[in-house]
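Before any comments, here is the structure.
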Protein chains: 2
Amino acid sequence: MKVVIRKAEKEDCPRLLELIKELAVYEKAPEQVTVSLAHFAESGFGDKPLWWAFCAEVDGKIEGFALYYIRYSTWKGQRMYLEDIIVTEAMRGKGLGKQLFDRLIQEAREKRFAGITWQVLEWNEPAIHFYKKYDADFDPEWVNCSINV
Amino acid sequence: MKVVIRKAEKEDCPRLLELIKELAVYEKAPEQVTVSLAHFAESGFGDKPLWWAFCAEVDGKIEGFALYYIRYSTWKGQRMYLEDIIVTEAMRGKGLGKQLFDRLIQEAREKRFAGITWQVLEWNEPAIHFYKKYDADFDPEWVNCSINV
């Protein structure tokens with residue numbers, strides 16, 4: 001089994017969106033994925049990229065990825081916001097998540113971000129267990145809010 | 001009392017940072033504000049702006065502001081992330097917050113963002129009360145995580 005961690009390219013977008021939908025099913029919210037492939041690809045690889053990602057390829061097939069954008073914290077400055085980290089069900093427990101996460105840390109250091117932030121569902125025990133290995137800080141005091149416009 | 005809502009300019013940065021620190025005290029985390037004025041100004045008004053803001057001026061003095069960045073949601077696409085909305089203590093209850101929030105909604109529509117998201121501290125009742133007027137969705141299921149790098 002040959003694992004390669006590499007930057008995502010525009011051609012990867014259809015497969016990435018497939019995995020995003022797989023994750024949304026796991027997170028019990030598949031109907032929430034309303035982004036289109038065209039908009040997704042343009043946002044990552046257009047004139048003003050808004051997101052960046054790394055793929056985990058196993059024998060040439062993308063079996064996981066991590067996607068981030070830059071968040072601007074008025075307390076901390078620029079931080080990496082890890083929007084998604086996904087490994088396909090068949091490939092879990094083989095260290096792909098760790099390789100992706102380690103690559104993110106390397107990227108955050110290279111780009112001089114003041115840390116990495118993300119969110120986890122409070123019932124997602126395997127993910128929480130994974131993040132604890134990185135000595136992550138967990139803060140449940142903030143509530144997510146949103147409106148449509 | 002003359003209230004003007006306008007886009008923030010680079011010259012406003014020292015005052016904005018003052019208000020950010022005031023809010024951090026209210027949120028019981030003043031030691032968390034470690035961003036420098038130079039980095040803050042550069043991130044908003046350099047070659048690649050990462051944040052945008054509106055000021056509420058009362059008789060020529062900035063008494064509140066709202067600051068956002070663009071978040072990339074793999075479910076929703078581009079959304080406005082409202083990082084901070086602040087009104088000085090002396091000027092609360094006069095409608096400045098509403099004027100700022102309404103201006104954000106207008107901006108989100110103009111820039112075709114798929115909604116506005118933000119976070120509120122679970123014990124911040126006045127803020128929660130304010131957001132309820134906008135029929136905001138509250139989702140306490142996600143926990144904030146972070147690491148330094």
query = Any chance the range A:24-42 includes a residue that's in contact with a strand residue (DSSP E or B) (Cβ under 7 Å, 6 or more places away or on another chain) and under 30 Å from residue B:32 (Cβ atoms)?
reply = yes
query = Any idea which residue in the range A:49-91 is surrounded by the fewest Cβ atoms within 10 Å (Cβ to Cβ), counting only those that are more than 7 Å from chain B (Cβ to nearest Cβ) and among the basic types (Lys, Arg)?
reply = A:61
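Yes or no, residue by residue, for (1) among the polar types (S, T, N, Q); (2) touching a Lys or Arg at 6+ places or on another chain (Cβ under 6 Å):
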position: B:7; (1), (2): no, no
position: B:19; (1), (2): no, no
position: B:40; (1), (2): no, no
position: B:66; (1), (2): no, no
position: B:73; (1), (2): yes, yes
position: B:79; (1), (2): no, yes
position: B:99; (1), (2): yes, no
position: B:106; (1), (2): yes, no
position: B:111; (1), (2): no, no
inquiry  = I'm trying to understand the selection: among the residues of the range B:1-59, which are charged (D, E, K, R) and either in a helix (DSSP H, G or I) or under 20 Å from residue A:113 (Cβ atoms) (or both)?
reply    = B:10, B:11, B:12, B:15, B:18, B:21, B:22, B:31, B:42, B:47, B:48
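Could you please give the count of residues in the range B:125-134 that are outside any helix (DSSP H, G or I) and either free of Cβ contacts under 8 Å to residues at least 12 places away in the same chain or out of contact with any strand residue (DSSP E or B) (no Cβ under 9 Å at 6 or more places or on another chain) (or both)?
1
Residue-by-condition table, conditions (1) of a type outside the set (Ser, Thr, Tyr); (2) over 25 Å from residue A:4 (Cα atoms); (3) surrounded by fewer than 13 Cβ atoms within 10 Å (Cβ to Cβ):
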| site | (1), (2), (3) |
| --- | --- |
| A:100 | yes, no, no |
| A:105 | yes, no, no |
| A:117 | no, no, no |
| A:120 | yes, yes, no |
| A:142 | yes, yes, no |
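Name the single residue, out of those in the range B:102-129 being more than 25 Å from residue A:32 (Cα to Cα) and not aliphatic (A, V, I, L, M), that is farthest from the other protein chains (Cβ to nearest Cβ).
B:126
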inquiry  = Go through the range B:62-89 and report how many residues are of a type in the set (Ser, Thr, Tyr) and closer than 19 Å to residue B:21 by Cα.
reply    = 3
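Which residue, of B:32, B:78, B:106, is farther than 30 Å from residue A:31 by Cβ and of a type in the set (S, T, N, Q)? Don't jump to the end; show me each part of the working.
Working: B:78 fails: farther than 30 Å from residue A:31 by Cβ; B:106 fails: farther than 30 Å from residue A:31 by Cβ.
Just one listed residue meets the conditions, B:32.
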query = If you scan the range A:101-122, which residues turn out to be farther than 23 Å from residue B:119 by Cβ and in contact with a Phe, Trp or Tyr (Cβ under 6 Å, 6 or more places away or on another chain)?
reply = A:103
Filter result (within 12 Å of chain B (Cβ to nearest Cβ) and among the acidic types (Asp, Glu)) within the range A:1-28 = A:18, A:22, A:27
message = Quick check on residue A:106: is it at pLDDT 95 or above, over 24 Å from residue B:76 (Cβ atoms) and polar (S, T, N, Q)?
response = yes
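Mind checking which residues of the range B:29-48 are within 22 Å of residue B:88 (Cβ to Cβ), over 16 Å from the mean Cα position of the chain (by Cα) and more than 10 Å from chain A (Cβ to nearest Cβ)?
Result: B:37, single match.
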query = Can you name the residue in the range B:33-48 that is small (Gly, Ala, Ser) and surrounded by 16 or more Cβ atoms within 10 Å (Cβ to Cβ) and is also modelled with the lowest pLDDT among such residues?
reply = B:43
inquiry  = Among the residues of the range B:81-100, are any assigned to a strand (DSSP E or B), of a type in the set (Phe, Trp, Tyr) and either at pLDDT 95 or above or within 19 Å of residue A:143 (Cα to Cα) (or both)?
reply    = yes
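The values are calculated or read from the model by the stated rules, or taken from the named source; none is laboratory data. Here the structure is a predicted model, which is why all the values come from computation and not from measurement. Virtual Cβ from ideal backbone geometry, glycine too; neighbours counted across all protein chains shown.
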